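Asker: Pasting a structure here, questions to come.
Any read-out appearing in this document is the output of simple, stated calculations on the displayed coordinates, not a laboratory observation. Since this is a predicted model, take the numbers as computed values, not measurements. Reconstructed Cβ throughout: ideal geometry from the backbone, glycine too, with neighbour counts over all protein chains shown.
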């Protein structure tokens, strides 16, 4: 795998300090919104062990209002404790970035499903199956091959509702693609595998909506829930339809659920007015055709970040060569898109360029030398 070189043109304030400051304000707001359940949320914060406090703070800072008003301290403390335990037990713990763990292993729910207490039961059910496997991707495929048999749940259009919780699906034995996806995501998270639900409200051929699962293994990979493809990821009957998705059309784009709050909501056709589930737009990853680059040409990726918060922002960029000849213009992507989804430009290895960026009338111009393939350039904005 090619490594990415991160270039920053200015010193950006420590992300950890900013995260703590942002968390403090978010937690204060969450406690107010908890209403009569505030004492339970406060107890969960106060009783969290020091090594798990970051996780509890993350959950509460980004928690939907309904959960703030209903979840108990015991529910939250158990969830956090078992999530950290699963991470420590996993063979791949050193390869999972902390932000991926927080957003894709730690959460107790995926979409708007009923909040079940599934962690311990699922850990005990599924841990023996994958305990000797060395990668999260292979562990996830093993779960996907066996989960229907172990839970006695199968796909059916006769399921009670689309947004079933794990135990609602297991009680009836029937689930939609969404219910099956929630089931597989929770099974993965119970053993420390980062996972998230992905879906589109409507295929471009108008054949309906669909949900599936993404697994983190040095990047995101997809699989159909209870639609195992052996030991391989990134295969499925829906690949052709996903390739025709339209990023800028709400009902035809592809979204991955995010527990962390983002500017983008996850469109749920079963609850069209519900915008409490957050998401990132991952359409480009499914529609992008990988092309062979000419010799000596590599991809350089660009993102823009606010210097004060580290948040990704939309800004116009223009790339020219040393003689001032135009090469490329486009816009960076903000927090509505996956963190690994960047605007890409084909440039010549070893060459010098000028990058002009910014939302003002003139912008800022900085030099850029292309030194590696998959080079990631971070542009700082006020």
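Asker: Please give the length that would be gained between residue 88 and residue 114 if that part of the chain were fully extended, namely 0.36 nm times their separation in residues minus their C-alpha to C-alpha distance (nm, one decimal).
Answerer: Numbers: separation 26, 0.36 × 26 = 9.36 nm, distance 2.75 nm.
Full extension of this stretch gives 6.6 nm more.
Asker: Mind checking the angle between helix 73-89 and the chain's longest principal axis? C-alpha axes, 0 to 90 degrees, to the nearest 10.
Answerer: Tilt of helix 73-89: around 60 degrees.
Asker: Helix 15-33: angle to the longest alpha-carbon principal axis of the chain, degrees 0 to 90, nearest 10?
Answerer: 40 degrees
Asker: Starting from the 7 Å offset along Cα-to-Cβ, what nm value, one decimal, do you get for the label separation of residue 322 and residue 66?
Answerer: Each label point is offset 7 Å from its Cα along the Cβ direction, giving 6.0 nm.
Asker: Ranking 345, 213 by Cβ neighbours within 10 Å, fewest first, what do you get?
Answerer: Details: 345 22, 213 31.
By the 10 Å Cβ count, ascending, the order reads 345, 213.
Asker: A further question follows. On full extension of the chain, what length is gained from residue 231 through residue 371, given 0.36 nm per residue of separation minus the C-alpha to C-alpha distance?
Answerer: Values: separation 140, 0.36 × 140 = 50.40 nm, distance 3.56 nm.
Here the segment from residue 231 to residue 371 would lengthen by 46.8 nm.
Asker: Here's another thing I want to ask about it. Which of 263, 361, 107 moves the most in a Gaussian network model of the chain with Cα springs under 10 Å?
Answerer: 361
Asker: Still on this structure: Calculate the spin-label point distance for residue 134 paired with residue 78, positioning each point 7 Å from the Cα along the beta-carbon direction, and give it in nanometres.
Answerer: 3.6 nm
Asker: Something else: Roughly speaking, what is the stretch gain from residue 307 to residue 158, that is 0.36 nm per residue apart minus the C-alpha to C-alpha distance, in nm to one decimal?
Answerer: Residue separation times 0.36 nm, minus the Cα-Cα distance, leaves 48.5 nm.
Asker: Mind checking which of 176, 165, 91 has the largest fluctuation in a GNM of the chain, springs on alpha carbons under 10 Å?
Answerer: 91
Asker: I'd like the orientation of helix 119-130 relative to the chain: the angle between its Cα long axis and the longest Cα principal axis, in ° from 0 to 90, rounded to 10.
Answerer: Computed tilt is about 70 degrees.
Asker: Can I ask one more? Starting from the alpha-carbon convex hull of the chain, give the projected area averaged over all orientations, in nm². Walk me through the intermediate numbers first.
Answerer: Working: hull surface 80.5 nm².
Taking a quarter of the hull surface, the average projection is 20.1 nm².
Asker: Can I ask one more? Distance in nm between label sites at residue 43 and residue 364, each 7 Å beyond Cα in the beta-carbon direction?
Answerer: 4.9 nm
Asker: Take the alpha carbon gyration tensor of the stretch 278-382, find the square roots of its eigenvalues, order them as a ≥ b ≥ c, and report rounded if a/c is under 1.5; if not, report prolate when a/b exceeds b/c, else oblate.
Answerer: It is oblate, given that a/c is not under 1.5 and a/b is not larger than b/c.
Asker: What is the stretch 123-258 by shape, rounded, prolate or oblate, if you read a ≥ b ≥ c off the alpha carbon gyration tensor as root eigenvalues and call it rounded for a/c under 1.5, prolate for a/b larger than b/c, and oblate otherwise? Show your work: numbers first, answer last.
Answerer: Working: a/c = 2.04, a/b = 1.30, b/c = 1.57.
It is oblate, given that a/c is not under 1.5 and a/b is not larger than b/c.
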